[in-house]
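What follows is a single structure, written as C-alpha cells, with notes after it.
The values are calculated or read from the model by the stated rules, or taken from the named source; none is laboratory data. If you're wondering where the values come from, they're calculated on a predicted model, not measured in any experiment. Cβ sites come from the backbone with ideal geometry, for glycine too, and all protein chains shown count toward neighbours.
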Amino acid sequence: MKNFDFHNPTHILFGKGRIADLKDQVPADANVLIIYGGGSAERTGVLAQVREALAGRTLVEFGGIEPNPRFDTALKAVEVIEKEDITFLLAVGGGSVIDATKFIAAAALYDGDAWDILTSHGSVVKDAVPFGTVLTLPATGSEMNFGSVITNSEKGAKLPFMSAHCYPVFSVLDPEVTYSLPPRQIANGVADAFVHIIEQYLTYPSAARVQDGFAETLLRTLIELGPKALETPNDYDVRANLMWTATLALNGLIGAGVPQDWSSHMIGHEITALNDTDHARTLAVVLPALMNDQRVPKREKLLQYGANVWDIREGDEDARIDATIKATRDFFESMGIKTRLGDYNVASADIDHIVAALKEHGMTALGEHSAITPEDARRILEAAE
Ligand code: NZQ
Ligand code: ZN
C-alpha cells in the first residue's frame with residue numbers, strides 16, 4: 001500500500017426529512033446564495049423545502065446552471081456574490097450544480113483570470129467561499145469531494161480542477177428527493193459511480209485489501225440495486241443504498257493508498273466537450289474498450305474483478321477476462337446505456353478531434369502507469385466505434 005493522507009471534512013446529513021436541518025448548518029448571520037439548475041429543484045419542491053428551512057434568513061437565488069456546467073454562467077454567479085455581499089453558498093442539485101458552486105466559490109476569491117483555476121487544475125486556488133449542498137442526484141460524489149469539472153463551450157474544453165478549499169462544509173442526502181429522477185438520470189448515476197470505483201480499483205495489485213474489498217462491495221451493490229431502482233422507483237432502501245454508494249465511490253476513501261487510472265474519465269470528457277453527450281454515457285463507451293486494450297497491464301486486477309464482482313472463475317485467463325469485459329458492457333446496456341461511439345453520433349472523423357483535444361489539454365500520459373498516450377486513446381476509441 002502507498003503512503004497516503006486522508007482528510008475529508010464534509011459533514012453528511014443523511015436520510016428522510018434532513019433538509020429541515022439546514023437551519024442548524026447554514027450560519028445564522030450569513031448572506032446566502034442558493035444555486036440551482038434548470039428548474040427540477042423548483043418543480044420537485046426541493047427548493048420550497050430549502051426556503052422553508054431557511055425562513056427569515058438573507059437569501060438570494062441563482063438558477064440556470066446547465067448540465068455539464070458552463071464557465072460563463074458560473075462567472076455570472078460570481079458577479080452576484082460581489083454585488084450582494086454573499087458570505088455562504090448553498091448548491092441545490094446534482095453534480096453539475098455542485099461542481100459549478102465549487103468553481104464559483106473559488107473564483108469569487110481569486111484575483112486573476114478565473115480560467116487559470118482550470119488550466120492549473122486548481123493549484124492557484126488559495127481560498128473559497130464556504131458552501132454546503134443539498135444533493136438531488138446520486139452519481140458524481142461531488143457532495144463529499146474536492147473536485148469539479150467545468151465546460152468552456154467557446155474553447156471547446158471540459159476541464160477538471162481539484163482544491164482542498166473546495167470540500168462542501170456539509171451535504172444533505174435525502175434519498176426521497178431522488179424519486180423524481182427520470183430513468184435516464186438514475187442509469188447515468190449508477191454508471192458514473194460504477195466507473196469511479198473502477199478507476200480507483202482496476203489497476204494493478206497494491207496489497208490494499210480494505211480498499212479492494214470496499215470497492216468490490218460497492219460495485220456489487222450497484223449491480224444489484226441499479227436495475228431495482230429502475231424497476232421499483234419508489235423503494236426507499238434501494239435509493240438510500242444507491243445514494244450512499246455513489247458518495248462513497250468518490251469521497252477519497254477507496255482511493256487512499258492505491259494506484260488510480262482516470263483515463264476513461266479524461267477521454268470521456270473530450271467526448272462531452274465535442275457534442276454534450278451525458279458524462280456517464282461517455283464512460284460506458286470508453287471503459288469496455290479500454291479494459292480490452294489494457295488487458296496486459298491490468299491482467300491481475302481484471303481477473304480479481306471478474307472473480308469477486310462477477311463470480312467469473314471458470315476457464316483460462318483470457319476467456320475469463322473476455323467474459324468479465326462482456327459482463328461490464330452488458331450491465332451498462334441492461335441499464336439502458338448504449339456502449340458504442342456510433343450510438344452518440346461520434347463518427348470516425350471525430351476521433352481525430354478527440355485525440356487532438358487530449359494533446360491540447362495535456363492529457364498525454366494517462367493511466368496508472370502514466371503510459372496511455374493520445375495515440376493509445378485513438379486505438380481505444382477506434383475499438384469503441
Ligand atoms: O438542471 P436541473 O433542472 O436541476 O435538472 C437536472 C439535469 O437536467 C436533473 N435532475 C437533478 N436532480 C433531479 C433532476 N431531475 C429530477 N429530479 C431530481 N431530483 O438531472 C439532470 C442532470 O443533472 P447533472 O447535475 O448534470 O448530473 P450529474 O449529477 O450526473 O452531474 C454530471 C456532472 O458532474 C461532473 C460531470 O462531468 C458532469 O459535468 N462530474 C463531477 C465529478 C466530481 N465533482 O467529482 C466527478 C464525475 O466524474 C463527473 O465528471
Ligand atoms: Zn464521473
Practice item. Taking GLU199 as the residue in question, decide whether it is outside the structural domain of VAL32 (by TED's automatic domain parsing) and near ligand 1 (Cβ under 9 Å from one of its atoms). Key: yes
Review point. Of the conditions (1) within 16 Å of ligand 2 (Cβ to nearest atom); (2) over 20 Å from VAL355 (Cβ atoms); (3) not aliphatic (A, V, I, L, M), TRP262 fails just one. Which one is it?
Key: (2)
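May I ask you to say which residue of THR203, THR232 is out of contact with any strand residue (DSSP E or B) (no Cβ under 6 Å at 6 or more places or on another chain), without any contact (Cβ under 8 Å) to a residue 12 or more places away in the chain and of a type in the set (Ser, Thr, Tyr)?
On the way: THR203 fails: without any contact (Cβ under 8 Å) to a residue 12 or more places away in the chain.
None of the others qualify; the one that does is THR232.
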Point to revise | Any hit, the range 243-259, residues being within 14 Å of ligand 2 (Cβ to nearest atom), over 13 Å from ALA193 (Cβ atoms) and under 12 Å from the mean Cα position of the chain (by Cα) | key: no
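Here is a yes/no grid of residues against (1) under 22 Å from ALA284 (Cα atoms); (2) surrounded by fewer than 19 Cβ atoms within 10 Å (Cβ to Cβ); (3) under 18 Å from the mean Cα position of the chain (by Cα); (4) hydrophobic (A, V, I, L, M, F, W, C):
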residue: ILE197; (1), (2), (3), (4): yes, no, yes, yes
residue: THR203; (1), (2), (3), (4): yes, no, no, no
residue: GLY213; (1), (2), (3), (4): no, yes, no, no
residue: GLU224; (1), (2), (3), (4): yes, yes, no, no
residue: GLU231; (1), (2), (3), (4): yes, yes, no, no
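Here is a list: ALA105, ALA100. Which entry is within 24 Å of LEU242 (Cα to Cα) and in contact with a strand residue (DSSP E or B) (Cβ under 8 Å, 6 or more places away or on another chain)?
Matching residue, one of ALA105, ALA100: ALA100.
Each row is one residue, and each column tells you yes or no for (1) within 10 Å of ligand 1 (Cβ to nearest atom); (2) hydroxyl-bearing (Ser, Thr, Tyr); (3) out of contact with any helix residue (DSSP H, G or I) (no Cβ under 6 Å at 6 or more places or on another chain).
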site: ALA249; (1), (2), (3): yes, no, no
site: LEU253; (1), (2), (3): no, no, yes
site: LEU287; (1), (2), (3): no, no, no
site: ASN292; (1), (2), (3): no, no, no
Check your understanding: Of the residues GLY315, GLY257, GLY306, which is free of Cβ contacts under 8 Å to residues at least 40 places away in the same chain and in contact with a Ser or Thr (Cβ under 8 Å, 6 or more places away or on another chain)?
Key -> GLY306
Check your understanding: From the list LEU90, LEU118, LEU54, LEU75, which residue is farther than 28 Å from ASP278 by Cβ and among the aliphatic types (A, V, I, L, M)?
Key -> LEU54
**Study point:** Matching residues, the range 329-340, being part of a helix (DSSP H, G or I) and either touching a residue at least 60 places away in the same chain (Cβ under 8 Å) or among the aromatic types (Phe, Trp, Tyr) (or both)
**Key:** PHE331, PHE332, SER334
Revision key, fill the gap. Quick count over the range 220-242, residues being within 16 Å of ligand 1 (Cβ to nearest atom) and part of a helix (DSSP H, G or I), is 9
Check your understanding: Taking the range 22-50 as the region of interest, how many residues are closer than 17 Å to THR133 by Cβ and exposed (fewer than 15 other Cβ atoms within 10 Å of the Cβ)?
Key -> 3
Check your understanding: Restricting the range 315-362 to residues that are among the basic types (Lys, Arg) and over 20 Å from the mean Cα position of the chain (by Cα), which is surrounded by the most Cβ atoms within 10 Å (Cβ to Cβ)?
Key -> ARG320
Practice item. Among what's in the range 160-178 and is within 13 Å of the chain's Cα centre (by Cα) and surrounded by fewer than 24 Cβ atoms within 10 Å (Cβ to Cβ), pick the residue that is farthest from ligand 1 (Cβ to nearest atom). Key: MET162
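Show me the strands (runs of 3 or more DSSP E) found entirely inside the range 21-134 where at least 3 residues are at pLDDT below 95.
Here the list is empty.
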Review point. Considering the range 147-200 alone, what residues qualify as being assigned to a loop (DSSP other than H, G, I, E, B) and within 16 Å of ligand 2 (Cβ to nearest atom)?
Key: GLN200
